[in-house]
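S.K.: Structure provided below as structure tokens; questions to follow.
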Amino acid sequence: MTATATTATAVDPVRTPRRAEIAPIPLSRVVRVELRKMFDTRSGFWLIASIGITGLLATIATVAFAPDDVLTYYTFAKAIGFPITVILPMVALLSITSEWSQRSGLTTFTYVSSRERVVGAKTLSAVIVAIASMLFAFAAGAVGNVVGSAIAGVPTVWDLSLGHALTIVLGNLVSLSIGTVLGMVLRSSAGGLVMYFVLVLLVPNLSALLAASQEWYHDLQPWVDLPYAQTFLFDGMHTGAEWAHVLTGVTLWLVLPGMYGLRRVMRSEVK
Amino acid sequence: MITIDSLTKKYGATTVVHDISFAARPGRVTGFLGPNGAGKSTSMRMMVGLTTPTEGTATIAGRRFADLPNPGREVGVMLDASAQHAGRTGREILTIAQQIMGVPATRVAELLDIVSLTPAEADRRVGGYSLGMRQRLGIAAALVGDPSVLILDEPANGLDPAGIRWMRDLLRDYADHGGTVLLSSHLLSEVEIIADDIVMIGQGRIVCQGAKSELLQAAGTVVRATDGAALQRALAAAGIPASVADDGSLRTEADPARVGRAAYDGGVVLTELRTADSGGLEEMFLELTADTQRERTAA
């Protein structure tokens with residue numbers, strides 16, 4: 001066999017003298033590899049590519065359909081940012097759940113045995129993708145705003161402050177964290193995606209219904225309904241109470257389940 | 001060197017792995033043999049930190065797997081060749097391993113060559129790989145970091161006879177250069193071909209362990225002569241108890257040298273004289289795991 005002829009040199013475990021101390025893997029390397037893993041499958045690539053594609057479609061749609069008087073930068077940034085808010089959590093979720101659902105964790109966790117490190121690197125990778133996507137959204141929004149207002153023949157309006165832009169970024173990071181936490185808690189791609197849509201589509205509607213019909217819940221809603229509190233971040237923060245609502249929502253939806261999820265990730269068996 | 005010390009895994013009231021202890025030594029291929037569901041995979045997962053043991057420890061060169069700073073450089077692991085994202089190409093899977101371990105990028109092409117995957121095959125997605133190709137890719141991934149220890153769960157599964165031979169040569173060569181290999185199998189014939197040492201496990205307990213040569217020795221001797229009756233007399237004269245097998249050969253627990261001497265002294269012409277190897281070990285395998293086997297076949 002041709003293969004056996006080459007093994008003598010290449011598989012020789014004592015050929016290279018063993019390093020007295022093998023250097024630990026730096027976190028930056030784990031992040032780089034996890035970032036690569038988000039793009040290196042067809043599904044992963046298109047999921048992230050869809051952020052750009054829907055962003056461009058949103059820009060065109062805004063130019064084509066938005067009334068002239070709302071053709072401002074904020075309108076563009078909002079339209080382009082919406083797909084990011086929906087898709088990024090799925091990217092964050094799938095990067096975690098695929099280790100269990102695709103069973104690639106059997107190798108991943110033998111390369112890096114600290115699972116919290118792997119999950120941390122995945123979260124950082126998702127944040128990097130999030131920031132890049134939002135820079136893209138702000139840039140595409142700017143182009144859309146200039147072109148759109150020129151076509152419509154209206155003055156170009158820049159109505160997004162830096163502070164507001166930052167709370168939008170924060171709002172998206174909160175969305176992304178919903179994906180991360182769900183991924184850790186459920187560790188299943190199918191279950192995770194279903195739960196994600198239940199949480200972001202069904203729960204806010206039920207919560208709104210309940211708030212409209214029940215007096216006691218009406219005052220409670222902003223404190224416990226995270227997607228509701230998130231709308232403050234996207235629309236611009238105005239009061240300290242709004243920050244308090246975001247904080248309690250984040251604690252209830254992200255911090256507490258996140259701690260439970262991390263425990264499960266670290267302790268559960270990888271099969 | 002892999003050292004397993006009193007490793008135990010319980011799920012509620014069920015004990016899947018019961019107090020197993022053994023060592024896989026450098027320069028040797030250790031075969032972890034047992035029927036399906038004997039606890040082989042659970043034991044291997046405990047060795048690499050994927051499953052937490054209820055009791056006991058597993059160390060690699062004296063350290064727990066979790067304490068290795070860059071595990072892939074010291075231990076090559078393949079627990080399930082099919083446990084890969086189906087959408088990645090073979091080359092990509094090796095590249096991920098190469099990057100995370102921080103070894104030169106040339107290692108990827110080198111390993112594809114070692115495991116005989118062509119560049120065209122390497123660029124295909126593993127979802128379309130045959131089991132044999134996945135096994136080769138899994139072996140390649142385990143070898144990326146040039147480790148001194150290999151832990152392989154059912155590596156010969158799905159390989160054709162030429163593939164099994166290739167695997168044997170590869171692992172033999174690896175062990176001859178000082179590497180430690182632990183491989184599991186539920187097929188006796190595979191382990192018998194590849195392993196130097198055998199650890200046999202049934203229902204979570206070690207039923208026997210030792211060097212293959214010794215275990216074969218213990219399995220006894222098969223001897224056949226032109227004149228069966230004369231052979232029986234010769235053995236009896238030498239004080240060697242023997243039994244007649246269905247095919248007319250004699251079977252005894254004495255070693256071949258002693259049996260040959262007895263035949264020579266009795267002036268008997270032998271047509272066959274060998275250790276009971278395959279047959280003997282298989283008998284032992286079936287016997288030792290008899291109470292633990294799912295199917296109690298009469299065969």
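S.K.: Being open to solvent by 10 Å² or more (accessible area, probe 1.4 Å) and at pLDDT below 95 narrows it down to one residue among B:14, B:42, B:57; which is it?
M.R.: The match here is B:14.
S.K.: May I pose another question? Of the numbered conditions (1) surrounded by 18 or more Cβ atoms within 10 Å (Cβ to Cβ); (2) modelled with pLDDT of 90 or more, residue B:236 fails exactly one; give the number of that condition.
M.R.: Of everything listed in (1) surrounded by 18 or more Cβ atoms within 10 Å (Cβ to Cβ); (2) modelled with pLDDT of 90 or more, residue B:236 misses just condition (1).
S.K.: Quick one: in region B:80-100, of everything that is open to solvent by less than 20 Å² (accessible area, probe 1.4 Å) and within 7 Å of chain A (Cβ to nearest Cβ), which residue is nearest to residue A:42 (Cα to Cα)?
M.R.: Looking at residues that are open to solvent by less than 20 Å² (accessible area, probe 1.4 Å) and within 7 Å of chain A (Cβ to nearest Cβ), I get B:87.
S.K.: Find the strands (runs of 3 or more DSSP E) located wholly in region B:172-227 whose residues include 3 or more that are within 21 Å of residue B:151 (Cβ to Cβ) and of a type in the set (Val, Ile, Thr), and list them.
M.R.: Result: B:197-202.
S.K.: Can you tell me which residue within region A:207-259, out of those that are within 26 Å of residue A:138 (Cα to Cα) and not in a helix (DSSP H, G or I), is most open to solvent (accessible area, probe 1.4 Å)?
M.R.: Selected residue: A:238.
S.K.: I'd like to check something: does region B:83-102 contain any residue that is closer than 26 Å to residue B:60 by Cβ and charged (D, E, K, R)? Break it down into steps so the answer makes sense when it comes.
M.R.: Within region B:83-102, the subset closer than 26 Å to residue B:60 by Cβ is B:83-84, B:93-102.
Adding the requirement that they be charged (D, E, K, R) leaves none.
The answer is no; no qualifying residue exists.
S.K.: Same structure again: Within 12 Å of chain A (Cβ to nearest Cβ), in contact with a helix residue (DSSP H, G or I) (Cβ under 9 Å, 6 or more places away or on another chain) and assigned to a strand (DSSP E or B): which single residue out of B:76, B:72, B:56, B:31 fits that description?
M.R.: That would be B:76, the only listed residue that is within 12 Å of chain A (Cβ to nearest Cβ), in contact with a helix residue (DSSP H, G or I) (Cβ under 9 Å, 6 or more places away or on another chain) and assigned to a strand (DSSP E or B).
S.K.: Whether any residue in region A:99-117 is part of a helix (DSSP H, G or I), within 8 Å of chain B (Cβ to nearest Cβ) and more than 22 Å from residue B:102 (Cα to Cα) is what I want to check.
M.R.: No: region A:99-117 contains no residue that is part of a helix (DSSP H, G or I), within 8 Å of chain B (Cβ to nearest Cβ) and more than 22 Å from residue B:102 (Cα to Cα).
S.K.: For region A:54-81, how many residues meet the condition of being free of Cβ contacts under 8 Å to residues at least 60 places away in the same chain and under 17 Å from the mean Cα position of the chain (by Cα)?
M.R.: 1
S.K.: Here is a further query. Scan region B:53-75 and report the pairs whose first residue is in contact (Cβ under 8 Å) with a residue 24 or more places away in the chain and more than 20 Å from residue B:9 (Cα to Cα) and whose second residue is aliphatic (A, V, I, L, M) and in a helix (DSSP H, G or I), with Cβ atoms within less than 7 Å and a gap of 6+ or a chain change.
M.R.: These pairs meet every condition: B:70/B:101; B:72/B:97; B:72/B:100; B:72/B:101; B:73/B:101.
S.K.: If I ask for residues that are charged (D, E, K, R) and facing another protein chain (nearest Cβ under 10 Å), which ones from region B:123-164 would you list?
M.R.: Residues satisfying the conditions are B:125, B:136, B:146, B:153.
The values are calculated or read from the model by the stated rules, or taken from the named source; none is laboratory data. Note that the structure is a prediction, hence the values are computed from the model and not measured. Heads up, the Cβs are rebuilt from the backbone with ideal geometry, glycines too, and the neighbour counts pull from every protein chain shown. Please note that ligands, DNA and RNA were not included when accessible areas were found on the heavy atoms of the full protein model with its side chains. Shrake-Rupley method; radii C 1.70, N 1.55, O 1.52, S 1.80 Å.
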